[in-house]
Amino acid sequence: MGWATGAKAHLQEAIGLAAVLSGTYEAFEGMLSVIRAHESRAEGMFAAFVMSAASAANGRDAVAGAPSLPRTGGGIQAPAERDLAAAASVKEIARDLAGLGRVLTGRLAAAASSAPHPADRAACAAAARHAGHICVLLSGAGP
Amino acid sequence: MTSRATFGDFMRAAGRHLERPAGPAVAVAKRRLPAARAKEIAEASDALLRVVTVMTRYTADIGAAFAEVEAHNRHRLNPWARACAEVHDALGNAAAFLRPEGAGRHESHRVPPDSPLAHRLDAVAESLAAGRDLLHTHFAPGPGAARLDHSDWSPVITSVPVTRALLAEIGSLARRIAPEGTELALSRAPLQRGAGEARRRLNAACQWLWVTDAAVQAGQCYDPVAADARRLLHAVPVNICPPRRLPRAGESVTALANGIIDGAERLRHSSRLPAAHAAWSPAMTSESSRQTATAGMLTSHHCQILLRSLAACAAPPGSADATARLLESADAAGRARADWLAAAHAWDNITTDTRGYISQAASDAHDLALWTGRLAYADPAWTPVSGPSCPVRPSEDLAARPGDIPLVVAAIHHACESLTRLAHGSHDQIQTASQAGRLLVPTRSLPESVDIPRPFGPAPRERTASLLAVHREAGTASAHATGKIGEVAADVGAPSQILAAARAATHPGSEPTARNSATPAPETPDVDRHWPGPVERILRDLGTSDPVLLRRGAAIDRAGEQLIIDAAETVPARHSQRAAHLSRSPDTAGLINRVLASRDPCAVPLLRPPTRPQAAQAEAEP
């Protein structure tokens, strides 16, 4: 899925706390859209999808509480129409989102340990937990 | 259905204690017989007072207000309300005859009685007191003497059908106890000097027990207690939350179904958080709400899978329509699933002012989704992360053993009932949180034109309105699914039928689903023995065994009783004799007792004195 690959690349290249926070916020928001678009055909993975959606919203809210989050974003674009269409299989989508979740976990965990502001650290740590949860749900393995 | 103690356990125990033990009476030396009999009467009176005291507390719980209605205004009450008032008065009169004159009682120094009857009555009093304590676990003390609902059973216990059933139980017990007491009181055995008054008082108290029964009987004649109401009363469990338990890998269908029932019960407990708490509670978080909505959706989804599997069974038990009903229920569960999913979606765009806390209800809802998923899928270790290749459990597995289908239906029924409560509770909490300004949205999700210098801003009105609407719809859809599954439960004889009966009791307009809901409750075990009247007794004492003569004697006795009843109705109250006077001799007392035992309400004026026998005194501890 092109959007997840692009978001992953953007996050890996993000430099500085503000860029990481902005990118992770948009990544969670985009994941939520993708999951909601595909959950109805997830069948055996239905439970994992809907629970991941809740975790994505929780992660986004956690990042939103970080004082260093810029008011405006623009780093990661919202998923395009083709990302929300049923082109890829559910398994492929789950794999891509789990991969993105892994990157999110890593960047947020790093930010949680290095951010100067305690509220940023707490927000990143909470968001990292939610991202890790998405990895577990969609891949059946840890981040 | 549940391993917890129920009210019925204590009522059955009380009934068992009233059964006379087989075997000969304890032999007493002839010279000590009068003293032994006097002691027996004293002990039985004491024990009966304990029983009557607990009964009075029950009637005070049911309708203390009715008892305060003056006698001359009671004709305005409906027959059951009048019965409640009259039972309360009758028990008060019985207690007045049994209570020792002017003395406080010191229960802590009470010696266990030697008398078998007193011993059994003590056990009855204990069972009744324990039953009342059980009912009281469903209430919390409120302002003044008010009781506040403390569980989903509270409105069932105070519902009209169940309070009538409770009154009928008291009448039934009174009817069983009365002849035992009068038999002891009117025994022809020699009695110690001075013990006659105690004997007369015991007999008079038992006469008031018959009046108690007659008052209930009047209500029964007007509108009999339905079998469902009695079953419902007996099914009231002690109000304790089952301990948390998660499914282990490879549990049987029976164990999983029981786990779902316990999990659903836990969820009903935890989702009773008063809505007002949502104004300040840290448990009111978006994480909790998302988990709740997601779990509600998953549980509905699993119920839909299970109902379809049951419908696919080769030979579903019950009526020919059972399969059709199962499929209708599955569709209803599917609609609930869609509405819960809409609720989960609505939370995508809203958050709360506190985060990072998962409420007990959200945790229990998640557990219930896990339990139902474990039963719905074939994988014995299923979890939400089990992956895409996870087949549903074959229908044969759900019906492998007799009794599995009713239990699985009961589990689904309980799960859907809990989801209904959860949706309503969530709706009320969201409404409170919204009014308290606790619903927010990330500022970044708002249009650029909205300038809020904080990470979160107040949730727009249309988003909170939508959030409330979807939760209301989830509640309606879950209630509909619960109703449909209630019909299936009636079809297959599932133990969860009691849920439908409870709903019918608390929502009089709702459709009762149990097939025999309108059937009057059967009488409790009929212990009324044939009790010869004076003429028949003399014939028997003469050695007559001719059935024709005995029948004629019984007919004369009945005619005599009717004459007394007719006279009691016509003689003005100011001219009537008090029962204590009428019952001075054992022979006339026996006759009055027979008249009262006839359950003819017209006989009650025999006992009704010109003024009440004694002013109410402070209740003694039973």
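Taking neighbour counts of Cβ atoms within 10 Å as a proxy for exposure, in what order, fewest first, do A:91, A:8, B:484 appear?
Neighbour counts put them in this order, fewest first: A:91, A:8, B:484.
Peptide A:34-47: average number of partner chain Cβ atoms within 10 Å per residue?
Details: counts 0, 1, 4, 0, 0, 4, 2, 0, 1, 3, 9, 7, 8, 16.
Across the residues of A:34-47, the mean count of other-chain Cβ atoms within 10 Å is 4.
Determine the equivalent ellipsoid of chain A by diagonalising the alpha-carbon gyration tensor, then write out the semi-axes as square roots of 5 times the eigenvalues, largest first, rounded to whole Å.
25, 15, 12
Using the count of nearby Cβ atoms within 10 Å as a rough guide to exposure, how do B:221, B:416 rank from fewest to most? Mind showing how you got there, number by number?
Numbers: B:221 12, B:416 30.
By the 10 Å Cβ count, ascending, the order reads B:221, B:416.
As a footprinting exposure proxy, order B:371, B:382 by other Cβ within 10 Å, with the fewest listed first. Kindly include the intermediate steps, with their values, before the conclusion.
Details: B:371 27, B:382 21.
Result, fewest neighbours first: B:382, B:371.
Please work out the ratio of the alpha-carbon Rg of the protein assembly as shown to 2.2 N^0.38 Å and round it to two decimals.
Cα Rg divided by the expected 2.2 N^0.38 Å: 1.26.
For the range B:152-257, what ratio Rg/Rh do Cα atoms give with a Kirkwood hydrodynamic radius?
The Rg/Rh ratio comes out at 1.27.
Could you pull out every one of the aspartates and glutamates with an alpha carbon less than 20 Å from that of residue B:39, ignoring same-chain neighbours closer than 8 positions?
Cα-Cα hits under 20 Å: B:101, B:107, B:114, B:122, B:180, B:183, B:197.
Over the whole of A:52-62, what's the average partner chain Cβ count within 10 Å per residue? Rounded to a whole number, please.
6
Looking at the range B:273-361 from every direction and averaging, what is the projected area of its Cα convex hull in nm²?
Projected over every direction and averaged, the Cα hull of the range B:273-361 covers 7.2 nm².
Would you mind working out the magnitude of the charge dipole of the protein assembly as shown relative to its Cα centre, with +1 at each Lys and Arg C-beta and -1 at each Asp and Glu C-beta, to the nearest 20 Debye?
Computed charge dipole of the protein assembly as shown: roughly 1640 debye.
By average Cβ neighbour count within 10 Å, what is the ranking of B:178-186, B:298-306, B:433-441, B:207-215 from highest down?
Values: B:178-186: 22.2, B:298-306: 27.3, B:433-441: 19.0, B:207-215: 28.9.
Highest mean packing first, the order is B:207-215, B:298-306, B:178-186, B:433-441.
Could you work out the helix-only [θ] at 222 nm for chain A, with each DSSP H run of four or more residues adding -39,500 (n - 2.57) and the total divided by the number of residues, to the nearest 500 deg cm²/dmol? Could you put the intermediate results ahead of the total?
On the way: 6 runs with 104 residues, N = 143.
Helices in chain A give a 222 nm mean residue ellipticity of -24500 deg cm²/dmol.
Kindly provide log₁₀ I(q)/I(0) values, in the same order as q = 0.16, 0.18 Å⁻¹, from the Debye equation applied to equal alpha-carbon scatterers of the range B:403-465.
-0.66, -0.73
Inside 10 Å of the C-beta atoms of B:433-445, what's the mean count of C-beta atoms belonging to other chains?
Per-residue shielding by partner chains comes out at 2.
Using only the alpha-carbon atoms, what does the range B:253-506 span along each of its principal axes? Please give whole angstrom values in decreasing order.
Cα spread of the range B:253-506 along its principal axes, largest to smallest: 65, 45, 26 Å.
Laboratory data are not the source of any read-out in this text; all were calculated from the coordinates shown. This is a predicted model, so every value here is computed, not measured. Neighbour counts run over all protein chains shown; Cβ positions are idealised from the backbone, glycine included.
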